[in-house]
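Participant: Mind looking over this structure? Questions follow.
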Amino acid sequence: MELEYYLCIKYERSMSMTEFWQKEIETMPRAELEKFQLIRLKETIKQAMKSPYYGKLYKEKGIDPDSLADINDIRKLPFTEKQDLRNEYPFGFLSVPQQQIIRLHSTSGTTGNPIVVFHTKHDLDSWANLMARSLFSAGARDTDVFQNICGYGLFTGGLGLQYGIERLGALSIPAGAGNTTRQVKLMKDFGTTAVHAIPSYLSRLYEGIIAEGIDPKKDLKLRFAAIGAEPHTEEQRARIEELFGIKAYNSYGLTEMNGPGVAFECTEQTGMHIWEDCYVAEIIDPMTLEPVPDGQEGELVLTTLDRHAVPIIRYRTRDITCFIEAPCKCGRTHKKIARITGRSDDMFIIRGCNVYPMQIEAILMKMPQLASNYLITLDTNENNDFIQVEAEIKSDTFTGDIEALDKLSKFVTREIADEILVTPIVKLVGQGTLPQSEGKAVRVKDLRTICKNESYK
Ligand code: AMP
Ligand code: ZN
């Protein structure tokens, strides 16, 4: 089939296809897919150069998009870092007139400026299509009753899924996050067959279901879950599947690249297909910044290929994964990545919220009563992940007044909860009682059994 033909296929589902959402795109021979990517990459660079950031940078570096001969030439372009997005807050990456943007999303988990991504109508349309394609590839259908158990604010897991579910044609229940009793009632009353949630919440939901005297396998119609937004293990997936008697599919995305819909497991459950008509994926060694051979772990680097408002080129996601070499039995030709095993920076994710230890440190250091040593522990208790922050109180400020101590501890708890969106257990301890590390301080201990986050060794 001609490339022009592919270029004409926009956000429509191919008609009469039962196994694919867009068969021509999803099964495109790799050589053609790469040619297609190159065309889109050149367009993306031209579009990005309309933004103040890329306009200046690429001019300075003398980058000419038309000089790229094949998709591997992407390696000649500079990386984009999280910090670049923060520095350019709010509009430095915007490549269209403001009048054309119709929504923004933003990430949690930063000190200082958040990362903000704007979308045009085209961008949202393309995202909804990718989301529908993802869900379809995992077996969701328009006959599903789809409850989206995710926050509907700036977090992309709410609205991102919502428009995908609607594009798929399933009945959407925009339940939002939390309130387990209401979630269970909705599931029962409307015969929910599919859910989207962060994996750590599903354990809590299970407890809620059991507490209502409901047998999830017999009394509910649930058959499908999309789980993502935080790291989880194969064992965690197996547990969710066993508890609910369902199939659970891994969903990967990040706000900078839209959100969910970047990579998704097909029914084979052997890795997540990255939608390469809309993204270029590279995996690099985070130390040398050189590409690693297929099958070897490294840091995922992504480039948007179909975004107008905020095109992002060679973005260092900091997520650690590897490409899965073997062609997928499902027939899709788009590369697969393995589940995310960690990060190449110190960010951790707890209950779906991204947290940098620096955010907590910044709060503790603002308190004149506290000394500088602290320890963050992530752990699991009865299926729930929790975060504990121990901080040393200066000997000369502790007068033995327990009430004052309690007040301070509550204040610190509130301040941290406001900042990271998860309520920590705060323990104020005597000065000199926390372990002193020699060399680089170990500030985070991850003892979780559920959503463990290994940092890159
Ligand atoms: P946010 O932009 O706030 O949605 O956070 C995106 C980050 O969440 C990614 O960079 C990953 O670190 C993490 N993440 C998202 N989906 C997954 C997943 N399926 N498995 C592991 N980590 C994930
Ligand atoms: Zn597949």
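Participant: Using beta carbons and a limit of 6 Å, which pairs, at least six apart or on different chains, have the first residue in the range 145-157 and open to solvent by 30 Å² or more (accessible area, probe 1.4 Å) and of a type in the set (Ser, Thr, Tyr) and the second one part of a loop (DSSP other than H, G, I, E, B) and more than 9 Å from ligand 1 (Cβ to nearest atom)?
Facilitator: What qualifies is Tyr152/Gly176.
Participant: Which of the residues that make up the range 239-271 are among the acidic types (Asp, Glu) and either open to solvent by less than 10 Å² (accessible area, probe 1.4 Å) or within 12 Å of ligand 1 (Cβ to nearest atom) (or both)?
Facilitator: Residues satisfying the conditions are Glu256, Glu265.
Participant: For Ile274, only one of the following conditions fails: (1) within 20 Å of Ser134 (Cα to Cα); (2) away from ligand 1 (no atom under 16 Å from the Cβ). What is its number?
Facilitator: With (1) within 20 Å of Ser134 (Cα to Cα); (2) away from ligand 1 (no atom under 16 Å from the Cβ) applied to Ile274, the lone miss is (2).
Participant: Of all the strands (runs of 3 or more DSSP E) wholly in the range 332-449, which have at least 3 residues that are of a type outside the set (Phe, Trp, Tyr) and out of contact with any Pro (no Cβ under 6 Å at 6 or more places or on another chain)?
Facilitator: Per the criteria, 353-355, 370-381, 384-393, 425-430.
Participant: While we're looking at this one, here's another question. Taking the range 91-128 only, how many residues are within 15 Å of ligand 1 (Cβ to nearest atom), of a type in the set (A, V, I, L, M, F, W, C), open to solvent by 30 Å² or more (accessible area, probe 1.4 Å) and part of a loop (DSSP other than H, G, I, E, B)?
Facilitator: Result for the range 91-128: 0.
Participant: Now for a different question. When residues of the range 283-311 are filtered for being touching a Ser or Thr at 6+ places or on another chain (Cβ under 8 Å) and away from ligand 1 (no atom under 16 Å from the Cβ), how many remain?
Facilitator: Number of matching residues: 5.
Participant: Would you point out which residue out of Thr333, Thr341, Thr303 is surrounded by fewer than 20 Cβ atoms within 10 Å (Cβ to Cβ) and more than 29 Å from Val444 (Cα to Cα)?
Facilitator: Thr333
Participant: Got a sec? Which of Ile274, Ile320 is within 16 Å of ligand 2 (Cβ to nearest atom), among the β-branched types (Val, Ile, Thr) and under 17 Å from the mean Cα position of the chain (by Cα)?
Facilitator: Answer to the check: Ile274.
Participant: Which one of these does Ser137 not meet: (1) under 21 Å from Ala229 (Cα atoms); (2) surrounded by fewer than 24 Cβ atoms within 10 Å (Cβ to Cβ)?
Facilitator: Here Ser137 clears every test but (2).
Participant: Kindly list the number of the only condition in (1) of a type in the set (Phe, Trp, Tyr); (2) open to solvent by 10 Å² or more (accessible area, probe 1.4 Å); (3) more than 16 Å from ligand 1 (Cβ to nearest atom) that fails for Tyr374.
Facilitator: (2)
Participant: Now for a separate question. Ile165 - would you say it is out of contact with any Leu (no Cβ under 6 Å at 6 or more places or on another chain) and either within 16 Å of ligand 1 (Cβ to nearest atom) or not β-branched (Val, Ile, Thr) (or both)?
Facilitator: no
Participant: Given the criteria touching a strand residue (DSSP E or B) at 6+ places or on another chain (Cβ under 8 Å) and under 18 Å from Thr156 (Cα atoms), does Ala248 qualify?
Facilitator: Judged against the criteria, Ala248 is not a match.
Participant: Looking at Val280, is it in a strand (DSSP E or B), more than 16 Å from ligand 1 (Cβ to nearest atom) and farther than 17 Å from Phe136 by Cβ?
Facilitator: yes
Participant: Residues to consider are Leu168, Leu222, Leu205; find the one that is under 16 Å from Gln147 (Cα atoms), open to solvent by less than 20 Å² (accessible area, probe 1.4 Å), more than 16 Å from ligand 2 (Cβ to nearest atom) and at pLDDT below 95.
Facilitator: On inspection, the qualifying residue turns out to be Leu205.
Participant: Restricting the search to the range 227-238, which residues are more than 7 Å from ligand 1 (Cβ to nearest atom) and either over 25 Å from Val355 (Cα atoms) or buried (at least 24 other Cβ atoms within 10 Å of the Cβ) (or both)?
Facilitator: Selection gives Ala238 alone.
Participant: Exactly one of (1) surrounded by fewer than 18 Cβ atoms within 10 Å (Cβ to Cβ); (2) acidic (Asp, Glu); (3) in a strand (DSSP E or B) is unmet by Asp319. Its number?
Facilitator: For Asp319, the exception is condition (1).
Participant: Could you check the range 1-86 for helices (runs of 4 or more DSSP H) lying wholly inside it with 3 or more residues that are at pLDDT 95 or above and farther than 30 Å from Ser137 by Cβ?
Facilitator: Answer list for the range 1-86: 52-60.
Participant: If you go through the range 236-244 one residue at a time, do you hit one that is under 21 Å from the mean Cα position of the chain (by Cα) and of a type in the set (Phe, Trp, Tyr)?
Facilitator: Taking every residue of the range 236-244 in turn, none turns out to be under 21 Å from the mean Cα position of the chain (by Cα) and of a type in the set (Phe, Trp, Tyr).
Participant: Among the residues of the range 436-449, is any at pLDDT below 90 and among the β-branched types (Val, Ile, Thr)? Steps first, please.
Facilitator: The first filter runs over the range 436-449 and keeps only residues at pLDDT below 90, leaving 436-443, 448-449.
Now drop any that are not among the β-branched types (Val, Ile, Thr), which leaves 442, 449.
Yes; the residues of the range 436-449 include at least one that is at pLDDT below 90 and among the β-branched types (Val, Ile, Thr).
Participant: Kindly list, by first and then second residue, each pair from a residue in the range 48-67 that is farther than 17 Å from Tyr315 by Cβ to a residue that is open to solvent by less than 40 Å² (accessible area, probe 1.4 Å) and in a loop (DSSP other than H, G, I, E, B), limited to pairs with Cβ atoms under 6 Å and residues at least 6 apart or on different chains.
Facilitator: So the pair list comes out as Lys50/Ser95; Pro52/Gly92.
Participant: All but one of (1) at positive phi; (2) buried (at least 16 other Cβ atoms within 10 Å of the Cβ); (3) without any contact (Cβ under 8 Å) to a residue 40 or more places away in the chain hold for Gly295; which doesn't?
Facilitator: Evaluating Gly295 over (1) at positive phi; (2) buried (at least 16 other Cβ atoms within 10 Å of the Cβ); (3) without any contact (Cβ under 8 Å) to a residue 40 or more places away in the chain leaves (2) as the failure.
The values are calculated or read from the model by the stated rules, or taken from the named source; none is laboratory data. Predicted, not measured: the structure shown is a model, and the values here were computed from it. Every residue, glycine as well, gets a Cβ built from its backbone with ideal geometry; the counts of neighbours run over all protein chains shown. Heavy atoms of the whole protein, side chains included, go into the accessibility calculation; ligands, DNA and RNA do not. Shrake-Rupley method; radii C 1.70, N 1.55, O 1.52, S 1.80 Å.
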